1. Inside the stretch 42-75, can you point out the residues that are over 25 Å from residue 180 (Cα atoms) and of a type in the set (Asp, Glu)?
2. I'd like the full set of residues that are of a type in the set (S, T, N, Q) and modelled with pLDDT of 95 or more, limited to the stretch 228-243.
3. Among the residues of the stretch 153-176, count how many are over 20 Å from residue 250 (Cα atoms) and among the aliphatic types (A, V, I, L, M).
4. Which of the following residues is under 21 Å from residue 205 (Cα atoms), modelled with pLDDT of 85 or more and in contact with a Leu (Cβ under 9 Å, 6 or more places away or on another chain): 123, 140, 119, 106?
5. Could you say whether any residue in the stretch 10-27 is surrounded by fewer than 20 Cβ atoms within 10 Å (Cβ to Cβ), at pLDDT 75 or above and within 21 Å of the chain's Cα centre (by Cα)?
Amino acid sequence: MSAGSRAVEMTARRYFATLNSVVNTALGPRPARSASGRAMSPSRAALLETLQAQPDPTSLQALVTMTGLHANTVREHLDALIRRGLVTREQAPPSGRGRPGWLYRATHRGGEPERPEYAGLAATLAAVVTRTSPDPARDARAAGADWGRRLAQDAGAPDAPGPEAARRQVGRIFEQMGFEPESEDDGDATTMRLTRCPLLEAAHQNREVVCSVHLGIAEGAMEVYGEDGSGSELVPFAEPGACLLHLRPAPR
């Protein structure tokens with residue numbers, strides 16, 4: 001490997017290590033993946049996200065080192081991403097003997113929303129609610145409940161009767177919205193780690209309103225499924241890598 005290629009790889013590795021350190025210690029979820037990122041295998045989506053985080057074109061060997069995947073697997077994923085227009089490649093500058101290798105670059109950077117106008121509109125509406133409502137959290141929660149009812153009707157009935165199946169269906173709704181929930185059942189309650197957020201920037205700017213809307217969505221969906229979700233709670237930025245959504249009935 002040439003000195004130039006080693007320098008590129010070391011730069012990418014340091015950048016990725018720094019990014020991982022920030023991600024793993026920062027409270028709250030990461031931005032939602034784009035629709036294209038969700039419609040692929042986890043390892044392929046992770047490779048795409050790794051490329052999106054790089055400031056410069058990245059070599060195959062650097063990607064192997066950063067992802068821990070086999071070189072053939074990385075090459076296969078890269079070819080598929082290139083066919084979908086999500087990644088481009090260019091030849092590395094010639095150095096020494098042999099044919100120069102390839103450098104890969106994502107066609108857009110990570111964290112950039114696929115529909116920035118939607119995120120901007122959400123932030124604007126949250127600010128309006130805050131300025132005009134005597135109780136912004138209450139009104140945002142009620143609006144979210146209306147939204148959740150519509151989403152639940154569109155998603156259809158749970159695959160089985162009962163509160164546990166209803167909570168699983170709510171998890172599917174949040175999955176479709178881009179939250180990538182990780183659910184754990186505990187008796188009559190379910191805790192979902194929301195590891196992504198489709199409105200992360202708006203939530204940082206106006207946590208009370210945006211997160212209340214998301215809580216309302218869960219409650220409204222539970223209502224459509226004939227279950228009580230009025231004791232549910234959303235804890236924003238509760239732990240590194242996630243918000244926590246607790247789905248449960250009102251206390252008896």
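The values are calculated or read from the model by the stated rules, or taken from the named source; none is laboratory data. Values in this document were obtained by computation on a predicted structure and should not be read as measured data. Every residue, glycine among them, receives a Cβ derived from its backbone with ideal geometry; neighbour counts consider all protein chains shown.
1. 56 - this is the single residue of the stretch 42-75 that is over 25 Å from residue 180 (Cα atoms) and of a type in the set (Asp, Glu).
2. Just the residues of the stretch 228-243 that are of a type in the set (S, T, N, Q), to begin with: 230, 232.
Across the stretch 228-243, the qualifying residue is only 232.
3. Kept after step one, since they are over 20 Å from residue 250 (Cα atoms), are these residues of the stretch 153-176: 153-160, 172-176.
Pick out the ones that are also among the aliphatic types (A, V, I, L, M) and you get 155, 157, 160, 173.
Residues flagged as over 20 Å from residue 250 (Cα atoms) and among the aliphatic types (A, V, I, L, M) within the stretch 153-176 amount to 4.
4. Only one candidate passes the filter, namely 140.
5. Initial filter on the stretch 10-27 (surrounded by fewer than 20 Cβ atoms within 10 Å (Cβ to Cβ)): 10-11, 13-27.
Then keep just the ones that are at pLDDT 75 or above; that gives 27.
Still in the list and also within 21 Å of the chain's Cα centre (by Cα): 27.
Within the stretch 10-27 (the criterion being surrounded by fewer than 20 Cβ atoms within 10 Å (Cβ to Cβ), at pLDDT 75 or above and within 21 Å of the chain's Cα centre (by Cα)), the answer is yes, since at least one residue qualifies.
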